[in-house]
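Notes follow once the structure below has been shown.
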Amino acid sequence: LQGFTAVEKPDGTHAITEFIGALPRVKLYTQWERITNDTANLARLVSPSFDPTRSVLTSEPVAYSAKADNSVAEASIADYQGNTITVKTKSSAPGVLLLNDKWDPNFQVTVDGKPTALLRCNYIMRGAEVPAGEHTVVFHFAPPMHSLYLSIAALVVAFALCGILGRGGRAAQA
């Protein structure tokens, strides 16, 4: 198999395999394809003609046009804190930034502090469109607050019911 290194060690019962063909955690692409159909998206991902080191698939439209291969595009993670990931980019052409973390609609994305659309890339990963030049891209997880409020309300109701049942039990004993 390409990209795997196997070293035999006859005295052990376990093995560690190194896969050197994995995509980086973050990458800026100047070439992409838009495929809105999930079945077609998955089929393209496993197609022998698709090279994930050269192109990325998006499910949403990108405002820019894909550029030639000779564009310079760099991306690196500057900070990774729980709910917030900061990425620095530098590119001679507009691109699609791929963050190889699971896509979730509750992520918000900013480029240089300005909100931009969260893209679903390579079927399940996060992405954002980035203009040419040097930029700071921030992915921030911001779940809707109604879930928190619903949980708090459920706890209040549960405690109230426990209190009512506790008083009812004491009244019956008296």
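The table that follows gives values for the structure above.
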read-out	value
Size-normalised alpha-carbon gyration radius of region 22-145, reference 2.2 N^0.38 Å	0.99
Folded to 0 to 90 degrees: helix 145-173 orientation relative to the chain principal axis, Cα	20 degrees
Efficiency of FRET from Cβ geometry, Arg34 and Ser92, R₀ 25 Å, rounded to 0.05	0.70
Share of carbon and sulfur in the accessible heavy-atom surface of the chain [1.4 Å probe, %]	59 percent
For region 38-174: relative contact order, % (alpha-carbon pairs under 8 angstrom, 6 or more apart)	23 percent
Estimated inter-spin distance, Val7 and Ala43, nm [label 7 Å along Cα→Cβ]	4.3 nm
GNM result for the chain, Cα springs below 10 Å: residue of Val56, Val156, Val96 fluctuating most strongly	Val156
Average accessible area per residue (Å²) across region 75-117 - probe 1.4 Å, nucleic acids and ligands excluded	51 Å²
For region 39-46, 3J(HN,Hα) per residue [Karplus equation, 6.51 cos²θ - 1.76 cosθ + 1.60, θ = phi - 60°, Hz, x = Gly/Pro]	5, 5, 4, 5, 4, 5, 4, 8
Global geometry of region 44-102, whether rounded, prolate or oblate, following the gyration tensor of its Cα atoms and the 1.5 cut on a/c	oblate
Net charge dipole size for region 98-168 [Lys, Arg +1 and Asp, Glu -1 on Cβ; Debye, nearest 20]	360 debye
Virtual spin-label span in nm between Arg54 and Tyr149, 7 Å along Cα→Cβ	5.1 nm
Gain on full stretching of the segment that runs from Glu134 to Arg25 - 0.36 nm per residue minus C-alpha separation	37.4 nm
Pairs of lysine residues in the chain - Cα separation under 15 Å, sequence separation of 8 or more or cross-chain	5
Solvent-accessible surface (1.4 angstrom probe) belonging to Cys162, in square angstrom, nearest 10	90 Å²
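The values are calculated or read from the model by the stated rules, or taken from the named source; none is laboratory data. No experiment lies behind these values; they were computed from the predicted model shown. Here the Cβ is made from the backbone with ideal geometry for all residues, glycine too, and neighbour counts use every protein chain on show. Side chains included, ligands, DNA and RNA excluded: accessible areas come from the protein's heavy atoms. Shrake-Rupley method; radii C 1.70, N 1.55, O 1.52, S 1.80 Å.
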